Structure formats: structure tokens, C-alpha cells
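One structure is given below, encoded as C-alpha cells.
Derivation of every value follows stated rules applied to the coordinates shown; laboratory data play no part. What you see is a predicted model; the values in this text were computed from it and never measured. Virtual Cβ from ideal backbone geometry, glycine too; neighbours counted across all protein chains shown.
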Amino acid sequence: MASTDNKMTGKIRLYISEDLNENRNCTLNKSQHHYLRNVMRCQPGEHILVFNGRDGEWLAEISKLDKKSALIQAQIQTRLQTFAPDIHMLFAPVKKARLDYMVQKATEMGAASLTPVLTQYTQKARLNYERLKANMVEAAEQCNLLQVPQLNDPIDLELALEKLSETLPSRSLVFCDEGAGPILTKASRQALEAMNNKPVAILIGPEGGFSPAERQKLHNRPDTLAISLGPRILRADTALVAALSLCQMTLGDWV
């Protein structure tokens, strides 16, 4: 039964992997146990909010919280499950701190999927998936989201484009091209709006931009729109936020 009060302000929110339903008992992991007991100084009988990306958000009671473990019981569904717009974010990996920022902001802004893409000018970087996933989960918990984006393995640009075309219907691609001219002309805005209700991917290039061959291949791909992010050359992390803002205001859930 869903609660009519969806605000629940001030409640601790945790993402868990277990199914959620009325009176369901769930064991929290070590990190969550430490957070509730040693950071937030919670006590048995207190209530928190939990979500898993499938079953909505639930008010749960802390039924056990001792030195060894934490157990909660889901009691009332506070929000029904909703899903982010079908926007996939493709981005070239960057240095660690800025990569953390990128996955946090992509999560906050409603991307459904994140995929590192390797281009000709990509700076080779080792990706710590546990760290990235933890950043995404924390962003979802803090920003009142009901799902955490899917984080995919790195993929070469050419193969990524092939996979977009295999999607049925083919996934439209918005790629941020510093040579695309004025930001959102009337024609490009109309083209972007025409992608509404379609699966969409946004592509952010590396620090050095796309190579001439990559730009040509992108321009030649059907159902692809090159957009400018303004007169300045943006860092990759800034470009991600700018691109997601444009798309969410035009065809996402900011409309």
C-alpha cells in the first residue's frame, strides 16, 4: 500500500539489492551497517527509507542494529516505482576525481545507463568500478532518486555505434561536436525534439576531442544529431552536465 505522504523529508535513504514488499526483512551490508550505527548513531526502532530500483521506495524500521549486523523491515511503500528517461550516456574516461564527478552528476540528472567509450584520443585510465558504483549509489540516495543507472564495461567507439544501431528501434545519437556551430539552432532544436519518446544516447568526447575520422563517421551515421555546447571549449565533465541539461529540458523529464 502506497503512502499518500511522499515527502518523508529528513529520512536516511539507502539503496539495497533485495526485493521489497510489506513486512519484508532485509539484512544490510557492512558499509550500511557501519553508516547507520557508527556515523548516524541510529537505534533499533528508528525508521529509514529504502529503494532497490524495482519496487519503489519503502519506509523501513531498523529491527536490529548491534555490533555485528543490521536488519530492517519494510513496512509502508512511500512511492511507486518510476524510471528515468531512456537516455544512455556515452563518455570518454578521464582522470579519477573528474570521473567520480561525471558519474555522480549523470546519476543526479537522470541518465539511465553509463558507458565509458574509448576513442582515438582517450586518455587511458584504469576504472575502479566499485568506486564508480558507490558514487552513483550515493548520488541516488541523496537526490531522492528511485533507481541507480546501469554501469557498463568500456567499449571502443566503433563497436558502441554498432550497438546503438542494433537497438530496435535504432537508438538516436546526440553527439557534442565543438565544430557544430551555434548552440541549438531552430533546426537542431526541432531535430532534438523529434527524438522525444525514442531511445536516445548522448556522446561526450575526450579531452582532445574526436579525431577527424571519428567525427566523419559520427556525422555519417543515420539518426545522429551534432550539437554545440556553446562558444567555449568545455572540459569533459562540464560538457556532460551541459549536454544532459539540454536533452532533459527538450526530451527528458524536465519538460
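Annotations for the structure displayed:
- Net lengthening on full extension, residue 245/residue 22 (0.36 nm per residue, minus Cα-Cα): 76.6 nm
- Cα extents of region 13-79 along the three principal axes, largest first (Å): 29, 19, 16
- Relative packing of 67-74, 186-193, which averages over residues the other C-beta atoms within 10 Å, highest first: 67-74, 186-193
- Under a model in which nothing but the beta-carbon of Lys, Arg (+1) and Asp, Glu (-1) is charged, region 13-79 shows a dipole of about 340 debye around its Cα centre.
- Long-range HN-HN contacts of residue 118 with modeled amide H, under 5 Å: 155, 156, 157
- Among 60, 218, 164 - extreme Cα towards positive end, dipole of the chain, charges at beta-carbon: 60
- Once both labels are positioned 7 Å from their Cα atoms along Cα-to-Cβ, the gap between residue 82 and residue 158 label points is 4.2 nm.
- Applying the Karplus relation 6.51 cos²θ - 1.76 cosθ + 1.60 with θ = phi - 60° to region 32-42 yields 3J(HN,Hα) values of 5, 4, 4, 4, 5, 7, 9, 8, 8, 6, 6 Hz, where x marks Gly and Pro.
- Rg over Rh [alpha-carbon atoms, Kirkwood Rh] for the chain: 1.04
- Residue-by-residue Karplus 3J(HN,Hα) for region 169-179, coefficients 6.51, -1.76, 1.60, Hz, glycine and proline x: x, 3, 6, 5, 10, 10, 10, 8, 10, 5, x
- Whole-number D in µm² s⁻¹ for region 129-241, Kirkwood Cα-pair radius fed into Stokes-Einstein, 10 °C, 1.306 mPa s: 100
- Candidates 85, 196, 149 compared by Cα position along the dipole of the chain: farthest toward the positive end lies 149, with charges placed on Cβ.
- For the cross-link pairs 96/133; 95/217; 30/133, the ones whose C-alpha atoms lie over 23 Å apart are 95/217.
- For the pair residue 233 and residue 150, label points projected 7 Å from Cα toward Cβ lie 3.5 nm apart.
- Loop-located trypsin sites (Lys or Arg not before Pro) in region 82-118, at most 13 other Cβ atoms within 10 Å (DSSP): 95
- Applying Stokes-Einstein at 25 °C and 0.890 mPa s to the Kirkwood radius of region 62-169, computed over alpha-carbon pairs, gives a translational diffusion coefficient of 154 µm² s⁻¹.
- The ranking of 237, 66 from fewest to most other beta carbons within 10 Å of each one's beta carbon is 66, 237.
- Assigned charges on the beta-carbon of Lys, Arg, Asp, Glu; the chain dipole about Cα centre (debye): 660
- Put simply, region 46-102 fits an ellipsoid with semi-axes of 32, 20, 7 Å; these come from the alpha carbon gyration tensor as the roots of five times its eigenvalues, largest first.
- Sequence of 87, 76, 48 once ranked by neighbouring C-beta atoms within 10 Å, starting from the fewest: 76, 48, 87
- Calculated from backbone phi, Karplus (6.51, -1.76, 1.60) coupling profile of region 138-145 in Hz, x at Gly/Pro: 4, 5, 5, 5, 6, 9, 6, 7
- Fully extended contour minus Cα-Cα distance, from residue 185 to residue 198, at 0.36 nm per residue: 2.6 nm
- For region 194-237, the set of trypsin sites (Lys or Arg not before Pro) satisfying both a DSSP loop assignment and a count of at most 16 other C-beta atoms within 10 Å is given as 232, 235.
- In this structure, the amide hydrogen of residue 183, modeled 1.01 Å from its nitrogen in the peptide plane, lies closer than 5 angstrom to those of 230, counting only residues at least 5 positions away or on a different chain.
- Share of Cα-Cα pairs in region 1-138 lying beyond 20 Å, as whole percent: 55
- Using the Cβ-Cβ distance between residue 66 and residue 254 with R0 set to 41 Å, the FRET efficiency from 1/(1 + (r/R0)^6) comes to roughly 0.40.
- Its DSSP H runs of at least 4 residues, each contributing -39,500 (n - 2.57), put the calculated 222 nm mean residue ellipticity of the chain at -9000 deg cm²/dmol, to the nearest 500.
- Near the amide H of residue 225, within less than 5 Å, lie the amide hydrogens of 173, 174, 175, all on another chain or at least 5 residues away, with H placed in the peptide plane.
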